[in-house]
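I have placed the structure first, in the form of structure tokens, so that the comments after it can refer back to it.
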């Protein structure tokens, strides 16, 4: 494997006994971080359903969206189709069905192994730069912790692995540990990557960065001066031709998908709508209000890279490989812009921190270096143990430490998954879907976009297609602002009074939203789309329209579900008051009484309301 080759090719003064310990600790921490129940991510569900649709169609890919009635005519360039098929087959192999998602255990185990492989490759890359495996393990553990909040069972986890593999091949070729033949692996890997996830663009960028770095190293004299000028020029030309040819081949390989060049259009459907970007949690900056506290490890790692790299360059009077500069600038910029890219930053820049640390280690005495190695090993052991067993057991709330019950340490989550809890049921609208299916709802549904993934899994396209969902690379912002206007209870005469800066949008972006909605109020939007029933969130903070629905004579409140230990959250169902829906409404009321009785918690009946 690459890790064995890499570790043996670089002189490492670490005691032999510490090397397997370092590998084991990184592997254990990576597996523990990945082997947890699905907690709140809705995307995993629609990825599984997409795989199911493709598998049951005999491998034929839908040409237009199949999950929403608003997007029935919208082309679906599914850049994750192969990952979705693999995920669903793993889920199916684990015995999973729509009614019983036990197969999530198999999928989560696969995801965990992918994470282990990814960060073992990162460990190799860092060790090759710093020449000390225990120190490399400590740096890799930091990179892993930076990534932990974004390690979902979704196709991006495969991009993390492919990025690490690309870096491994390119960096070993750059350092002349591997021959140019190793570059031949990149184009076929690109074909596979481009059919698994749109993150293949990161691979093309990394190859181009190494090409720029090769040129810079040559002209800045960073390469060893072996042979005469003619020989050096010939060697440089050969390397340039090989790497340039590899980049061209990788680009052509990326077109070997069912969608060809259309995959290059997908990022612009999201980033081209600036207002939309501001509404997507993963697209927000880690520095956004209320977000920074979740990314402290990222800020620590970014700060360490800047400080340690600066000290190392000043102390050694040497610069890192030229390729490190574009990698650091690009992935750092993207990570500070969009939190979803924090993992890519951790993987790509950990070797840079490894180089800087290695330069400083090389300047201390052997005795002091040995002490540092043992301290790094001890720190890795203690930190890994604490993060796995104690992380998230306590939180700070208004300056006080408050215990979370039950414990949410990674170890406790690992044990819950082994015990059969594949997902946190209370975080998804399971009872809502059961109620809709049991009572044979008819007509069009308006749904909360944050719960769309699970609703797709349970309902679409078999019984009810959704209004819209969070696949913005398909829809852009065509329908999300309709959902926003209804959810916020915008009346037709409210548009002139909206303070867009309080919404987080500019005036131009606000005007764009208004144009998309046609200045219509929420009742008109529901009428326009012929909505028959609404699945709504109970939180009036995120669903200000809820009181209006409760008071409306046009909508009948037939169901509610309150989240355990969180009475402000849950779900409601409203049915449009029409003669066609009268029997359904009566049936739902009887069914809801039975639902309350099964709950056995004394939930009050549907509240009386005033009619307008």
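At q = 0.13 Å⁻¹, work out log10 I(q)/I(0) for segment 269-363 with the Debye formula, treating every Cα as an identical point scatterer and leaving solvent out; two decimals please.
Log10 I(q)/I(0), no solvent term: -0.50.
Quick one: angle between helix 43-56 and the longest Cα principal axis of the chain, in degrees between 0 and 90, rounded to 10, please.
The answer is roughly 90 degrees.
Over what distance in Å are the Cα centres of segment 290-340 and segment 515-585 separated?
47 Å
What's log10 of I(q)/I(0) for segment 433-477 at q = 0.21 Å⁻¹, Debye sum over Cα points only, no solvent?
Each listed q corresponds, in turn, to -0.67.
Measure off 7 Å from each Cα along the Cα-to-Cβ vector at residue 378 and residue 265, then give the distance between these two points in nanometres to one decimal.
6.1 nm
Can you tell me the orientation of helix 342-361 relative to the chain, as the angle in degrees between its alpha-carbon axis and the longest Cα principal axis, to the nearest 10?
Between helix and principal axis, roughly 30 degrees.
Using the per-residue mean of other Cβ atoms lying within 10 Å as a proxy for protection, in what order, highest first, do the peptides 408-419, 75-86, 117-128 fall?
Numbers: 408-419: 16.7, 75-86: 20.8, 117-128: 26.5.
Top to bottom by mean Cβ count within 10 Å: 117-128, 75-86, 408-419.
Report the semi-axes of the equivalent ellipsoid for the chain in whole Å, largest first, where each axis is √(5λ) for an eigenvalue λ of the Cα gyration tensor.
Values: eigenvalues 479, 148, 102 Å².
After diagonalising the Cα gyration tensor, the semi-axes are 49, 27, 23 Å.
Counting other C-beta atoms within 10 Å, which of 132, 588, 433 has the fewest, and how do the rest follow? Intermediate results must be reported in sequence, preceding the final value.
On the way: 132 28, 588 25, 433 21.
If I rank by nearby Cβ atoms, fewest first, I get 433, 588, 132.
Which of the peptides 447-456, 342-351 is most tightly packed, and how do the rest follow, judged by the mean count of other Cβ atoms within 10 Å per residue?
Sorting 447-456, 342-351 by mean packing, highest first, produces 342-351, 447-456.
Once label points are set 7 Å from the Cα along Cα→Cβ at both residue 426 and residue 582, what is their separation, rounded to one decimal in nm?
In this crude spin-label approximation the distance works out to 4.1 nm.
Given the rule -39500 (n - 2.57) for each run of at least 4 DSSP H residues, summed and divided by the residues of the chain, what is its mean residue ellipticity at 222 nm, to the nearest 500 deg cm²/dmol?
Calculated at 222 nm, the ellipticity per residue is -18000 deg cm²/dmol.
Multiply the residue separation of residue 385 and residue 179 by 0.36 nm, subtract the distance between their alpha-carbon atoms, and state the gained length in nm to one decimal.
The span from residue 385 to residue 179 would gain 70.2 nm if fully extended.
Mind giving me the nanometre distance, one decimal, between the label points for residue 98 and residue 494, set 7 Å out from Cα along Cα→Cβ?
Reported label-point gap for residue 98 and residue 494 is 3.4 nm.
I'm checking a number: the convex hull volume of the Cα atoms of segment 448-534, normalised per residue, in Å³. What is it?
That works out to 101 Å³ per residue.
Order 147-155, 534-542, 290-298 from most to least packed using the mean count of other Cβ atoms within 10 Å.
In decreasing order of mean packing, 147-155, 534-542, 290-298 become 147-155, 534-542, 290-298.
Assuming R0 = 56 Å, can you tell me the calculated FRET efficiency for the pair residue 415 and residue 233, based on Cβ-Cβ distance, to the nearest 0.05? Don't jump to the answer; show the numbers that get you there.
Details: r = 61 Å, r/R0 = 1.10.
Between residue 415 and residue 233 the formula returns 0.35.
Kindly provide the Kirkwood hydrodynamic radius of segment 494-593 in Å, to one decimal, from all pairs of distinct alpha carbon atoms.
Working: mean 1/r = 0.0644 Å⁻¹.
Radius from the Kirkwood sum: 15.5 Å.
Every number in this text was worked out from the coordinates using simple rules, so none of it is lab data. If you're wondering where the values come from, they're calculated on a predicted model, not measured in any experiment. Counting neighbours? That spans all protein chains shown, and the Cβs are built from the backbone with ideal geometry, glycine included.
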